[in-house]
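To start, the structure itself, in structure tokens.
The values are calculated or read from the model by the stated rules, or taken from the named source; none is laboratory data. None of the values given here were measured: they were computed from a predicted structure. Using ideal geometry, Cβ is built from the backbone for each residue, glycine included, and neighbour counts are taken over all protein chains shown.
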Amino acid sequence: MEKTTPELTPELTLERPRIIAILRLWTLFYRRGVVRFLKFWVETLLGPMVSTMLFMTVFTLALDAGEEMVAGLSALQFIAPGLVVFVLCQISFQNVCFMLIIDKQEGVISDVLMAPLSPLELLLGYGLAAVANGLAAAVLIMAAMTIFTGGMLYSFWIAAFFAITAAFLFAMIGVIVGLWSDKWDQFSLVDNFLVLPLGLLSGTFFTLNSIPLNWQWLFEANPMFWIISGFRYGITGYGDSDAAFWHGGILLGIAAVVFMCGWTLMARGYKIKA
Amino acid sequence: MCRMALIDEKITQVTPRAIGRVNTLGLWTLYSREVKRFLNVFTQTLMAPVITTLLFLAVFALALGGLNRTVGGVDYITFLAPGLMMMTMTQNSFANTSSSILIAKVQGNIVDILMPPLAPWEMALAIAAGGITRGLLVGLTVFVAMMIFLPISVAHPLSAVWFAINACMMLSLLGMLGGIWAQKYDHIAAVTNFIITPLSFLSGTFYSIDRLPQAWVTVAHFNPFFYMIDGFRYGFIGHADGNVMIGHLLLPIVNVVLWLAVHRLISIGYRLKA
């Protein structure tokens, strides 16, 4: 005789596995990521804003601020978008590294891993919180910078595309570095010797014309240069629309590849599962 | 009888080590601990500041030096180099002492420094000397690295050394005050982001103080950070914006005041002892 307990069956069935469950993702993304960076707003939002404004003040004083730098743009108007988007990348990268490394060091990561979250949800939960932090800081900095530059917006969609793609790319790089780092040393190695040099030597502060010809390729091969010139094109309209199109496409491709790498590492539990 | 005498003799042999007026061994031990602490992670404490400073030099030289600008009678890059050197030295001195004390407090091993027979002034001296050592070591490394790229001449070596030592001491002592006052990492991050970095950025590292509005020039002449950068630059290029004599004397006076404050806080155990 076959035993049937039809009234119990619905409760016993597990939730059908889905690639992404919005609620679970929301919990990790919002409750854990966003609330955390809002709680530490002095470091995550105000700090970057103050240091960016310091850079602008220094440039105002060191340069003849009103001086036209490139066609139609003052030096400050040229520098501002690059500075914003560089800080955006840096914050996205640092935020996700901080979350992962702290969670690993405090052992909290096992709580997150125990929860019914798929690797993709883990990746997006951590990554998108960092993107949110970067974008929030970028919007605040842009607003504050209007003191120096006046309002500027050439194309909202182009600017938004570059900002979001850049933030996502650096958040995904941050996930990989955060998983790889056992200690703060490894994180600061990448931060100091890769992210910062890429950002500083990328045409935030100068046009390619001030570089000797045989060094220009070095800048043109730097993804941060594409991000900055694309975003600057979106904000000020200065630049080349074809170049912006191609650079945007390549960036999207790189972001996709890095995203897949991050997903693979999460799925394997690289350095987070025994 | 004979046996008692023997015991007496043994007891007299195990007296504690006599400490003279100065606990030189203790002083040396704490100092070498401070130095080993930062040398242990030299990529973060020496290499990273050196790379960052060279990048700053490159970026600012490219962004601002293009038009054969001269400041105070010298090329912009020659003007900038000593300022950047000083900025890095002071930031590292501050970071060393503040993080040393704060980490010891947070991790609870501050008792290991408070328990040994070290007088408050000995404790202050050893920790401050650690910070000064890091500042000077970073400064020296940056100097050597800059020599590769720039023809640096030193007009008044003694003045340069005098300002370097006094500035590192000033920031080491400020770092100790910060480390003693702070109870969380956030606190010290706030002091660094909102006080130390702005002061070193805005006190004439990047521009001649003459460019400031008149009211701010007056303010600058009461700012020890200005004298420290200006005096150090005088040591290199032989030209100062402010009065060099005042600078030579002002920094040691500030240092004496800071010494007294640090000594007082350690003596009463402010936020160090329960």
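May I ask you to list the residues in segment B:177-217 that are outside any helix (DSSP H, G or I), facing chain A (nearest Cβ under 7 Å) and modelled with pLDDT of 90 or more? Result: no residue meets the conditions.
Residues considered: A:Ala166, A:Ala129, A:Ala144. Of these, the only one that is part of a helix (DSSP H, G or I), among the aliphatic types (A, V, I, L, M) and touching a Cys at 6+ places or on another chain (Cβ under 6 Å) is A:Ala166.
A:Gly203 falls short on exactly one of the conditions (1) in a helix (DSSP H, G or I); (2) surrounded by 14 or more Cβ atoms within 10 Å (Cβ to Cβ), and that condition is (1).
Out of curiosity, is A:Met142 free of Cβ contacts under 8 Å to residues at least 40 places away in the same chain and away from chain B (no Cβ under 14 Å)? It is false that A:Met142 is free of Cβ contacts under 8 Å to residues at least 40 places away in the same chain and away from chain B (no Cβ under 14 Å). The sole residue among B:Leu62, B:Leu80 that is within 14 Å of another protein chain (Cβ to nearest Cβ), without any contact (Cβ under 8 Å) to a residue 40 or more places away in the chain, assigned to a helix (DSSP H, G or I) and farther than 20 Å from B:Glu34 by Cβ is B:Leu62.
If I go through segment B:33-42 residue by residue, how many of them are loosely packed, with under 15 Cβ neighbours inside 10 Å and not aliphatic (A, V, I, L, M)? The number of residues fulfilling the criteria is 3. Listed by first and then second residue, the pairs linking a residue in segment A:248-274 that is farther than 12 Å from A:Pro119 by Cα and touching a residue at least 60 places away in the same chain (Cβ under 8 Å) to a residue that is of a type in the set (D, E, K, R) and assigned to a helix (DSSP H, G or I), with Cβ atoms under 9 Å apart and 6 or more places separating them unless they lie on different chains, are A:Lys271/A:Lys104. Within segment A:216-274, if we keep just the residues that are among the polar types (S, T, N, Q) and part of a helix (DSSP H, G or I), the residue that is farthest from A:Ser155 (Cα to Cα) turns out to be A:Thr264. Of the residues making up segment B:188-218, those that are in contact (Cβ under 8 Å) with a residue 40 or more places away in the chain and out of contact with any strand residue (DSSP E or B) (no Cβ under 8 Å at 6 or more places or on another chain) are B:Ile188, B:Val191, B:Thr192, B:Ile196, B:Thr197, B:Ser200, B:Phe201, B:Gly204, B:Thr205, B:Phe206. When you look at B:Ile165, is it out of contact with any Pro (no Cβ under 8 Å at 6 or more places or on another chain), part of a helix (DSSP H, G or I), free of Cβ contacts under 8 Å to residues at least 60 places away in the same chain and within 14 Å of chain A (Cβ to nearest Cβ), yes or no? When the stated conditions are applied, B:Ile165 does not pass them. When A:Ala143, A:Ala130, A:Ala171 are checked against the criterion of being surrounded by fewer than 17 Cβ atoms within 10 Å (Cβ to Cβ) and closer than 25 Å to A:Lys39 by Cα, A:Ala143 stands alone in meeting it.
Checking A:Leu189, A:Leu169 one by one, the residue that is out of contact with any strand residue (DSSP E or B) (no Cβ under 7 Å at 6 or more places or on another chain) and in contact (Cβ under 8 Å) with a residue 12 or more places away in the chain is A:Leu169 and no other. Residues that are surrounded by fewer than 19 Cβ atoms within 10 Å (Cβ to Cβ) and among the hydroxyl-bearing types (Ser, Thr, Tyr) were ranked within segment B:130-182; the one that is farthest from the chain's Cα centre (by Cα) is B:Ser153. Of all residues in segment B:104-130, those that are at pLDDT 95 or above have Cβ atoms under 7 Å from Cβ atoms of residues that are among the acidic types (Asp, Glu), 6 or more apart or on another chain, in B:Ala126/B:Glu34; B:Ile127/B:Glu34; B:Gly130/B:Glu34. Within segment A:102-121, none of the residues are buried (at least 19 other Cβ atoms within 10 Å of the Cβ) and within 14 Å of chain B (Cβ to nearest Cβ). From the list A:Leu45, A:Leu23, the one residue that fits, being modelled with pLDDT of 90 or more and either more than 30 Å from A:Ser210 (Cα to Cα) or of a type in the set (Lys, Arg) (or both), is A:Leu45.
If you take the residues of segment B:225-241 that are of a type in the set (Gly, Ala, Ser) and under 19 Å from B:Leu171 (Cβ atoms), which of them is farthest from the chain's Cα centre (by Cα)? Looking at the filtered set, the residue picked out is B:Gly235. Taking (1) within 10 Å of chain A (Cβ to nearest Cβ); (2) over 16 Å from B:Leu150 (Cβ atoms) in turn, B:Ser100 satisfies each apart from (1). If you go through segment A:192-210 and keep only what is in contact (Cβ under 8 Å) with a residue 60 or more places away in the chain, more than 7 Å from every other protein chain (Cβ to nearest Cβ) and not aliphatic (A, V, I, L, M), you end up with A:Gly199, A:Ser202, A:Gly203, A:Thr204, A:Thr207.
As for segment A:180-202, it holds at least one residue that is in contact with a Phe, Trp or Tyr (Cβ under 6 Å, 6 or more places away or on another chain) and among the hydroxyl-bearing types (Ser, Thr, Tyr).
Any residue at all in segment B:36-52 that's away from chain A (no Cβ under 14 Å), over 30 Å from B:Ala274 (Cβ atoms), among the β-branched types (Val, Ile, Thr) and within 17 Å of the chain's Cα centre (by Cα)? No, segment B:36-52 has no match at all.
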